[in-house]
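The values are calculated or read from the model by the stated rules, or taken from the named source; none is laboratory data. Predicted, not measured: the structure shown is a model, and the values here were computed from it. Every residue, glycine among them, receives a Cβ derived from its backbone with ideal geometry; neighbour counts consider all protein chains shown. Note: areas computed on protein heavy atoms with side chains; ligands, DNA, RNA excluded. Shrake-Rupley method; radii C 1.70, N 1.55, O 1.52, S 1.80 Å.
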Amino acid sequence: MSGMRFQPVAEPGAHVPSVGRTIPHDSAVGHVTGAAAYIADKPRRSDELVVGFVPSPVASGRIRGIELAAARRVPGVVDLVTAADLPGAKVWGPIIRDEPVLADGAVLYVGQPVVVIAAETQAALDAARRLVKLDIEPTEPILSIERAIELGRFIGPPRRIARGDAAAAIAAAPHRLAGVFHSLGQEHLYLEAQAALAHPGEGGQIVVHSSTQGPTETQHVVAEVLGVGMHEVVCVCKRMGGGFGGKETQGVLPAVMAAVVARRTGRAARVVYVREDDMASTGKRHAYRTAWEVGFDDEGRILGYVIDFHSAGGAAADLSTSIMERSMFHVDNAYWLPNVEIRGRVCFTNIAPATAFRGFGGPQGMAVTESVIQEIAMHLAGRFKPVATIDVQWRNLYGIHDRNVTPYGQLVRGNHLAAILDTLRTRSDFDRRLAEVETANGRDPLVLRGLAMMPVKFGISFTAKFLNQGNALVNVYEDGTVQVSTGGTEMGQGLNTKIRQLVADEFGLPPEQVVLMPTSTEKNCNTSPTAASAGTDLNGAAAVQACREIRGRLAALAVTRFAGDGRPAAAEHVGFAGGWVYDTRSPEWRIAFGELCNLARRERVDLGARGFYATPIAGFDVTVGQGSPFFYYTQGAAAAEVRIDRFTGDLTVTRVDLLIDIGRSINPGVDRGQVIGGFVQGMGWVTGECLVYDERGRLLSDSPTTYKIPAASDVPADFRCEFFPNDDNVENVARSKAVGEPPLMHAIAVWSAVKHALATVSPAAARRLCLPATNEEILRALHASTGPAADGGWAHSAEMRSWGPAR
């Protein structure tokens, strides 16, 4: 039979698997040449309308009237839409339905959409926007967590997770400390602003191209607002120009705006936010106020710990309650807490509803405990022999055979924290450098230095159990090439590249023969957002399952062909490698993959399959505060060294050593990019990125000129990033581990290094430090005495009390 006998080229045994190799990102060339198309780049239809909105100019008020007559008279204005014009739902929300699609009767934050405008040109839209008159009676806004607590304005119910008797353990402890920790939010500043393009279809159907991490959620809300079924709406996402969580839910409103206009006018409609509107109108990472109290022994071991989280949720729930839950899950970070009580409340504030951001509440929880660990070390050092923070960290680490259950009741399996911390401590020469830093600080009047290390344990899975599912459609064509569609969305993180490698290896093909298609709710229904670092875990596993179904059919067909050629065989003896399908016992018996696919079509063998994967987790019971919400933990550690100008507060991160366990890397190059990029983004949160609002609730840092994200020059000149060798994550796809969010938390080590530097000046300076450690905040801390600073600064870290034996 043709193709069956041994040929001297491309032996199956010579096949090099794709998984585990660095291959280029599938859009790399398009990214650097500008050929990769985003929503704003899609060709304009001749009937297309430009869509924008009129935002609220005040943070809180009652709408007495909206005057549209002058705006309607602008040449080129086609439609103006208010809440009264929406055909279906007027309120939406991914968890709690409490967010107006358009302001209706009241405004809740500066930047809230009030009126949607559709026009022939951008100039006409801008003119109409200036002519819309909003008659709003201002009311007093709630602009701080403290004010919300005072007024009792909360979103969602209070939450509690506890183990043991924390209050009693603290009361009986030899040493006690208490304080309040403040962390600010963070702007996503994705390169592509929020954008959507809607095309009307036959019979009232709508196709929405959206820059979204959650196509199904977008489809769902668009359908509800239009008053139609989900079957009449298709949401498509080819790629996003960055997301970081900011397009998990926040992409819904622009999609709704475009869809409503398309439905009302019968014309295509496109909205692309300008940067200032995007920053003013969309949610950020949550700011937190966290009160804490801790009791510990002479060695720094935590005996009791009470944490009281309050987050600034903004003017609607969005994902705030789930984000608070993850903060509570991660306040333990890498540490065993024998007696602990964790409480959480989301506060209503008159700012844009806060939303998901890489880490999803985990960073806010971890930062508190890392600060407390440093407070413990400083307290003990002031009363006994010098104690290094790293030694306190080490004494509190989770164990392997005991001390290995989280406060919420999940066993920490595959615990490599001690090995990672010990390896990094040695490789980074941490102890010698620490001594040098502290010696130099006693001598140098101009420059202050700091050095800190931080372990990280981050849980992987959506904490809402039902979201831990993915599906994929795999189509193999008669020439042996493959198309794959999944519910995962590509935002530059390399999801499609990794799935391409997984699929290529399942069929023994080079990755060039596999292509990932745009994500569409028409092909992949009821999908979860690409979030929680689980994109590859869910969608990759589903794609592999579909491939194996097809491969089983092809193997059965190959067996019949081998047998027809006089060779007895069984499906378990059929291998796929190097573009061939062969008998694993005698590789010379083979057929080219493309030839077998062509034969399959002629033999009416199905070459398409839909795979479905559900993460095997028990889940978490909110009513009792116990469960196992995570499939596994990504672990790691980072050491950061900083230099501070004592006179200006100018901060430089001089060196970072990072060691992270990501299992078997599917694509080391892509994963390395995620690790370094995530760390640098986290470094921005803990140092230079500062959201500033005025006394009326208006965002002042509303553009890249007033909001400072890390530049290339801010990346540490000496950045040493390594993967911890680990092969024990056997249940996950390709034995890999998630890499999207965990690297960001490692950057808290930079903040800790700043706190260490200040501690060598005085404990009061270190206790004064809040997050982010901007140059101004560092200067305030350097000039602080005991107690809160009196300079009007927003931070209040110095709210501390301590008890313990006299020196």
How are the Cα pair distances of region 568-681 distributed, in percent, across 5 Å bins from 0? 2, 7, 9, 9, 9, 9, 10, 10, 10, 8, 6, 4, 3, 2, 1, 0, 0
Inter-label distance for V761 and F719, nm, one decimal - labels placed 7 Å from Cα along Cα-to-Cβ: 2.7 nm
Checked region 4-127 against the a/c 1.5 cut and the a/b vs b/c comparison, axes a ≥ b ≥ c from its Cα gyration tensor; verdict prolate
Please report the Cα spread of region 491-602 along all three principal axes, rounded to whole Å, starting with the longest. 51, 24, 21
Using the C-alpha gyration tensor of region 303-419, what are the square roots of 5 times its eigenvalues, in whole angstrom, with the largest one first? 29, 18, 12
Area of W292 that stays accessible when all protein chains are in place (1.4 Å probe, Å², to 10): 20 Å²
Most packed first (mean Cβ within 10 Å per residue), the peptides 526-536, 221-231, 587-597 order as 526-536, 587-597, 221-231
Out of I63, L86, P24, whose Cα points farthest toward the positive end of the dipole of region 1-141 (charges: +1 Lys, Arg; -1 Asp, Glu; placed on Cβ)? P24
Ratio of the Cα radius of gyration of region 86-169 to 2.2 N^0.38 Å, where N counts its residues: 1.71
Leaving out ligands and nucleic acids, note down the accessible area per residue over region 491-537 with a 1.4 angstrom probe, in whole Å². 27 Å²
Bins of 5 Å from zero: percent of alpha-carbon pairs in region 633-773: 2, 10, 17, 19, 15, 14, 10, 7, 4, 2, 0
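Could you give the size of the charge dipole of region 2-142 about its Cα centre, using +1 on the Cβ of each K and R and -1 on the Cβ of each D and E, expressed in debye and rounded to the nearest 20?
Details: 14 positive and 16 negative charges, 46 e Å.
Value, rounded to 20: 220 debye.
Please report the projected area of region 416-484's Cα convex hull averaged over all directions, in nm². Working shown, then result.
On the way: hull surface 43.2 nm².
About 10.8 nm², averaged over all directions.
Of the listed peptides 466-478, 443-455, what is their order by residue-averaged count of other C-beta atoms within 10 Å, with the highest listed first?
Details: 466-478: 21.6, 443-455: 20.1.
In descending order of packing, they fall as 466-478, 443-455.
Where does the chain land at 222 nm, in deg cm²/dmol rounded to the nearest 500, when only DSSP H runs of n ≥ 4 count, each adding -39500 (n - 2.57), divided by all residues?
Working: 21 runs with 228 residues, N = 807.
-8500 deg cm²/dmol, from helical runs alone.
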Run the quick spin-label model on R610 and D298: label points 7 Å from Cα toward the beta carbon, then report their separation in nm to one decimal. 6.7 nm
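Given the convex hull over the Cα atoms of region 61-130, what projected area results after averaging over all orientations, in nm²? It would help to have the intermediate numbers written out before the result.
Working: hull surface 22.0 nm².
For region 61-130, averaging the hull's shadow over all directions gives 5.5 nm².
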Enter the accessible area per residue of region 182-318 (Å², integer; probe 1.4 Å; all protein chains in place). 24 Å²
Using a 1.4 angstrom probe with every protein chain in place, what is the largest-first accessible-area order of E689, E202, E276? E202, E276, E689
Beta bridges per DSSP with both ends in region 252-343, % antiparallel, nearest 5: 70 percent
Tell me which of Y613, I499, A354 sits at the most positive position along the dipole axis of the chain, charges placed on C-beta atoms (Lys, Arg +1; Asp, Glu -1). Y613
Would you list which lysines come within 26 Å of K90, measuring only between C-alpha atoms, while excluding same-chain residues fewer than 8 positions from it? K133, K247, K284
For region 359-471, list log₁₀ I(q)/I(0) at each q in 0.13, 0.15, 0.16, 0.22 Å⁻¹, using the Debye formula over Cα point scatterers of equal strength and ignoring solvent, two decimals each. -0.67, -0.84, -0.93, -1.42
What are the extents of the Cα atoms of region 45-186 along their three principal axes, in Å, largest first? 76, 34, 27
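Of D104, D505, which has the most accessible area with a 1.4 Å probe, and how do the rest follow in descending order? Walk me through the numbers before you get to the answer.
Details: D104 100, D505 35 Å².
So the residues, ranked largest to smallest area, are D104, D505.
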How many nm separate the modelled label positions at R432 and R44, each set 7 Å beyond the Cα in the direction of the Cβ? 6.4 nm
Computed over region 222-277: relative contact order in percent, which uses C-alpha pairs under 8 Å that are six or more apart: 32 percent
Pairwise centroid distance, computed over Cα atoms, of region 601-625 with region 90-150, Å: 40 Å
Would you mind telling me the share, in percent, of accessible area of region 183-278 contributed by carbon and sulfur at probe 1.4 angstrom? 54 percent
Region 588-691, accessible surface, carbon-and-sulfur percent (1.4 angstrom probe): 50 percent
Percentage relative contact order, the chain, counting C-alpha pairs under 8 Å, at least six apart: 16 percent
Below 19 Å, Cα to Cα, which lysines can K737 reach? Residues fewer than 8 away in the same chain don't count. K457, K465, K498
Can you compute log10 of I(q)/I(0) for the chain with the Debye formula, treating each Cα as one identical point scatterer, at q = 0.06, 0.08, 0.10 Å⁻¹? -0.41, -0.72, -1.06
For region 261-338, take every pair of Cα atoms, bin their distances at 10 Å starting from 0, and report each bin as a whole percent. 13, 28, 23, 16, 10, 6, 3, 0
